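Have a look at the structure below before the remarks.
The values are calculated or read from the model by the stated rules, or taken from the named source; none is laboratory data. Predicted model only: the values in this text are computed from it and were never measured. So basically every Cβ, Gly included, is an ideal-geometry build from the backbone, and we count neighbours across all protein chains shown.
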Amino acid sequence: METGNQDMVSVAKRQRLQDFFFHRLTQTFSLLVLIALTGIIASLFINAWPAFKKFGLHFIWYVEWDIVNEQFGAAIAIVGTIASAGIAMLIAVPLAFGIAVFLTETCPVWLRRALGTSIELLAAVPSIIYGMFGLFVFAPIFADYLQVPLQKVLGGMPLVGFLFGGATNGMGILAAGIVLAFMVLPFIAAVMRDVFEVTPPILRESAYGLGCTTWEVVRKVVLPYTQKGVIGGVMLGLGRALGETMAVTFVIGNANRMPTSLFSPGTSIASTLANEFGEAADFHIAALFALGFLLFVITFIVLALAKILVLRTEKAKGI
Amino acid sequence: MLTNFNQKLYNRRRRANAQGLILSMAAMGLGLAVLLWILFVLLSNGLAAVDWNMFTKDTPAPGSEGGGLRNAIVGSLMMVGLSVLVSTPVGILAGIYLTEYGDQSKTAELTRFVTDIMLSAPSIVLGLFVYAIAVATVGNFSGYAGSLALSLIAIPVVMRTTENMLRLVPSSLREAAFALGAPRWKVSTLVTLRAAKSGVITGLLLAVARISGETAPLLFTALNNQFYNTDMGKPMANLPVVIFQFAMSPYDNWIRLAWGGALLITMAVLVLNILARVFFREKISA
């Protein structure tokens, strides 16, 4: 009897000890993510310090990227990044909205799964494939059938004409924006579909019961209800577009000049890093780290806002 | 009068409805068309490059004829394999912490939030980070650094899917095990994790699919290597970087190989994605 009790106590003790270690072990691994985040921010900042020290905040809007004379500013790359991501959003957001509406409202139920999966597959295609596709297939078509006519029709117009000037070789900010649009489209569409499905059926059914058309239900019931989630999805796409490297590097033209039109070649932060980091030395490396730091900070803020907005919609699920 | 007005309004609403729905259908069509177009281009250009030589010969020097992708394929497999070995235990254990131990605590919430951001963080910046800690300090590019960069991308994927799958396990199962006197670590590993096994494997497959196509984080960690190399302490050839380099080159045989490699990667990624879905669905219905 007593020995039995002793056994029980020692088993319980052992298990408590094992449990303690298992708890701490899993906790350490999950904290690794936080450590990685702080590590990324710290290491980027430390390596970028020489550049920040020399140029100060001026680095952000200084329009110069002169490797030989070691004069570096981020303005050209920032403009290229924001312009290409902005164009991508203008194209991808309405398309993603359409896809999400189709998948949640009109699509026959038996097709839903297959079509949803194919959109998710579009998201799985590696970005370098988008880049190659952009360079070899899209750019020639874009040059002949879009750039040339656009330049003919709009190039001579006052005020907006300058946007369509320059060489029509298929590369440039606009081309990069379009390729990016199709790259981020599935991410935005997937979030929008998920948040649309969160809308309580009772709201939808009430609207239908009042005689609303499907389109009115989407515009006046589903969209207002899921507003925050939709904006979150858009910002998630924006975060992706800002940091995308390979799809952009192939088609943006990679020129360290301030772009003057939608057709002119430019560069983005990520593509500058991809092109130059391998051959960089000394101070150039610091300047590239500074670019990387800026990119990380910008995308972090955008993604954090996106996450907060999506979380809020999902929390409001049960009314 | 009034019926006339009503009829007009009704017609307008129906037109708006038809317009909206047709446009949304067109958007869906465009998305599908792009996917099919990409697959078609890949197949038509890539199949021409796929032959026995692609798997048995190494990447050709500039200007030389022929060649294959053997070194790049082996390099990619090794790096992806190592990062799966690293990220599987880390991701799964961290996922267990988030559901079974941390749950609603502040640290768990913060970790979850940061993990979600890391899922979409620009991968090139992760490459910069690994360069700073594992290349600049050691003094040379290496396959290990490449694996580390890939693991940083894979861990959040494994972590979040594991967590989500563990959450689907009914709590009555946990309670039953606790009632039998099982300690928490046994419940989480032998009961909940086992119940969520298929979902966790789905997450692993998705993580592999995600990292096998990543180029940006490898550019300045694993770099590239023209020769066959299985020493992970040295720069290593890998498919994505070889594709990047070859596609931008002026040589015809390089561009052909780039298409071949692109086809190989895309097929691998798509098959992994489809496998993950089929696997998950079958287990759920079973």
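Observations
- Residue, surrounded by the fewest Cβ atoms within 10 Å (Cβ to Cβ), within the range B:218-248, restricted to residues that are within 13 Å of another protein chain (Cβ to nearest Cβ) and among the polar types (S, T, N, Q): B:Gln245
- Pair list, Cβ < 6 Å and 6+ apart or interchain, from the range A:279-296 residues that are more than 9 Å from every other protein chain (Cβ to nearest Cβ) and closer than 13 Å to A:Trp65 by Cβ to residues that are surrounded by fewer than 18 Cβ atoms within 10 Å (Cβ to Cβ) and of a type in the set (D, E, K, R): A:Phe283/A:Glu70
- Qualifying residue in the range B:98-111 (condition: surrounded by 23 or more Cβ atoms within 10 Å (Cβ to Cβ), outside any helix (DSSP H, G or I), out of contact with any strand residue (DSSP E or B) (no Cβ under 7 Å at 6 or more places or on another chain) and facing chain A (nearest Cβ under 7 Å)): no
- Restricting A:Ile78, A:Ile60, A:Ile99, A:Ile46 to those that are in a helix (DSSP H, G or I), touching a residue at least 40 places away in the same chain (Cβ under 8 Å) and within 10 Å of chain B (Cβ to nearest Cβ) reduces the list to A:Ile99.
- Among residues of the range A:130-156 being exposed (fewer than 13 other Cβ atoms within 10 Å of the Cβ) and within 13 Å of chain B (Cβ to nearest Cβ), the one that is nearest to B:Arg256 (Cα to Cα) is A:Pro140.
- The residue list B:Arg184, B:Arg160, B:Arg167 contains one member that is facing chain A (nearest Cβ under 9 Å), touching a residue at least 60 places away in the same chain (Cβ under 8 Å) and surrounded by fewer than 23 Cβ atoms within 10 Å (Cβ to Cβ), which is B:Arg184.
- Those helices (runs of 4 or more DSSP H) lying entirely in the range B:116-185 with at least 1 residues under 18 Å from A:Met246 (Cα atoms) and of a type in the set (S, T, N, Q): B:123-130
- Subset tally (residues that are within 7 Å of chain B (Cβ to nearest Cβ) and not in a helix (DSSP H, G or I)) for the range A:102-129: 2
- Among residues of the range B:59-72, those that are surrounded by fewer than 20 Cβ atoms within 10 Å (Cβ to Cβ), among the hydrophobic types (A, V, I, L, M, F, W, C) and modelled with pLDDT of 90 or more, counted: 0
- Qualifying residue in the range A:180-196 (condition: in contact (Cβ under 8 Å) with a residue 60 or more places away in the chain and more than 23 Å from B:Ile117 (Cα to Cα)): no
- Checked against (1) farther than 17 Å from A:Val179 by Cβ; (2) touching a residue at least 24 places away in the same chain (Cβ under 8 Å); (3) more than 14 Å from every other protein chain (Cβ to nearest Cβ), A:Val222 meets all criteria but (3).
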